[in-house]
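Worksheet for the structure shown next.
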Amino acid sequence: MKKNVVALMGDQAVAEAMRQIEPDVVAAYPITPQTEIVMGFSQFVADGRVKTEMIPVESEHSAMSACVGSAASGARTMTATCANGLALMWEVVYIAASTRLPIVMPVVNRALSGPINIHCDHSDSMGARDSGWIQLYSESAQEAYENTIVAVRIAEHKKILLPVMVCQDGFITSHAVEGVEIFPDAEVKKFIGEYKPDRSLLDVERPLTYGPLDLQDYYFEHKRQQAEAMRNALEIIPEILAEFNKTFGRSHDLLEEYKMKDADTAIVVLSSTAGTAKDVVDKLRVSGMKVGLLKPIFFRPFPKERIIKALSHLKAVAILDRSDSFGAEGGPLFTEIKSALYEVKNSPLIVDYIFGLGGRDIFPEDIEKVYRDLENIKSSGKINSPLNYLGVRD
């Protein structure tokens, strides 16, 4: 079968996925660099290509509030946002997860203010990492497109029922044009299926309440249920990915290992920077350095056992964080992975590099420097500085 490859920006690719999903309701507010997602999708609505109820609202807080009402009524619901928009909907982001509503939200990663910045880092989604949302990170426009489709199945699975963020890097992939293979509409529709919620606010035969006052009597139990849903997700997501891979000829997984099997040292990094790092790995391999790359795709739920398996044989590991965790011993990805490796005997030496805040470019030579730092750590058996800032002026 001839592939349908189209030149699209990452935002346009996500809008195409949303067109194929054809959610019942999309409530959204535009914010750079996410605007092209809802702008493109609203054009599909205006042209009659989808039957979605498009709700333009006055703020991102209102967008997520409308999504909560829509999803609670039993409608397949989506929105999209980034940065300050995600921060403004903070209260309702937690409510959406706590009420177990399978909302899918593309997030175009952008630095949080202040000072005001519209370019990429991961401070927005990382700030929401404990909100109860599943989080996927996309390296390319193609991955953003495919992750949006698979996110619907994950969110709506009966043993999960959690909202999902599908992240991609602002401007770097959201506004860069690349060839994206668009799957046939019918195959996407068949894969996601029809959403049939067990309960609905509109079901007058079986009335229920969403968001009641929940004090000492039951709040703790409901939080525990959320935790169990995340554990369920870690077991069920591989099954959904396997079906996706079989249907569309792909190889999606919880993470991607690049030349890791015989590596002595490796970098761990999310999203678009992984693509640059792969080129550096290829270059250094030619010179005889046994280096590798690990790209987590799911950050929530955190695939601890898979990450341990991928990293435990190494001598030294560098984590590249595109967000800082002020007052902590490193960025969010670093602290999670260091904690996971704590119980591993003879675990690798691990070091953190904060990079790319506010859209600061990271170049191949920066990544090569990290690999050479790892070689020195491997040789000496010592870490001089566990927390480093890569590409920042002194």
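Given the structure, is Ala318 within 26 Å of Pro238 (Cα to Cα) and either in contact with a Gly (Cβ under 6 Å, 6 or more places away or on another chain) or not acidic (Asp, Glu) (or both)?
For Ala318, the condition - within 26 Å of Pro238 (Cα to Cα) and either in contact with a Gly (Cβ under 6 Å, 6 or more places away or on another chain) or not acidic (Asp, Glu) (or both) - is not met.
Here's the yes/no breakdown for (1) touching a residue at least 12 places away in the same chain (Cβ under 8 Å); (2) of a type outside the set (Val, Ile, Thr); (3) assigned to a helix (DSSP H, G or I):
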{"residue": "Arg306", "(1), (2), (3)": "yes, yes, yes"}
{"residue": "Phe326", "(1), (2), (3)": "no, yes, no"}
{"residue": "Gly330", "(1), (2), (3)": "yes, yes, no"}
{"residue": "Leu333", "(1), (2), (3)": "yes, yes, yes"}
{"residue": "Lys338", "(1), (2), (3)": "yes, yes, yes"}
{"residue": "Val351", "(1), (2), (3)": "yes, no, no"}
{"residue": "Gly358", "(1), (2), (3)": "yes, yes, yes"}
{"residue": "Asp361", "(1), (2), (3)": "yes, yes, no"}
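Here is a list: Met105, Met54, Met64. Which entry is hydrophobic (A, V, I, L, M, F, W, C), in a helix (DSSP H, G or I) and either buried (at least 24 other Cβ atoms within 10 Å of the Cβ) or at pLDDT 95 or above (or both)? Lay out the reasoning, then the answer.
On the way: Met105 fails: in a helix (DSSP H, G or I); Met54 fails: in a helix (DSSP H, G or I).
Checking each option against the conditions leaves just Met64.
Restricting attention to segment 291-318, and to residues there that are of a type in the set (Lys, Arg) and surrounded by 19 or more Cβ atoms within 10 Å (Cβ to Cβ), which single residue is farthest from the chain's Cα centre (by Cα)? Please lay out each step first, then the result.
Of the residues in segment 291-318, the ones of a type in the set (Lys, Arg) are 295, 300, 304, 306, 309, 315.
With surrounded by 19 or more Cβ atoms within 10 Å (Cβ to Cβ) added as a condition, the list becomes 295, 300, 306.
Working: Lys295: 12, Arg300: 8, Arg306: 17 Å.
Ranking the qualifying residues of segment 291-318, first place goes to Arg306.
Does any residue in segment 222-237 that is among the polar types (S, T, N, Q) come within less than 8 Å, Cβ to Cβ, of a residue that is part of a helix (DSSP H, G or I) six or more places away or on a different chain, and which pairs are these?
Here the result reads Gln226/Ala97; Gln226/Ser98, each pair linking segment 222-237 to a residue that is part of a helix (DSSP H, G or I).
Can you tell me which residue in segment 238-261 is nearest to Thr148 (Cα to Cα), limited to those that are without any contact (Cβ under 8 Å) to a residue 40 or more places away in the chain and assigned to a helix (DSSP H, G or I)?
Asn245
Quick check: is even one residue across segment 180-202 at negative phi, free of Cβ contacts under 8 Å to residues at least 60 places away in the same chain and acidic (Asp, Glu)?
Yes, there is a match, as at least one residue in segment 180-202 is at negative phi, free of Cβ contacts under 8 Å to residues at least 60 places away in the same chain and acidic (Asp, Glu).
The values are calculated or read from the model by the stated rules, or taken from the named source; none is laboratory data. Note that this is a predicted model, so its numbers are computed, not measured. So basically every Cβ, Gly included, is an ideal-geometry build from the backbone, and we count neighbours across all protein chains shown.
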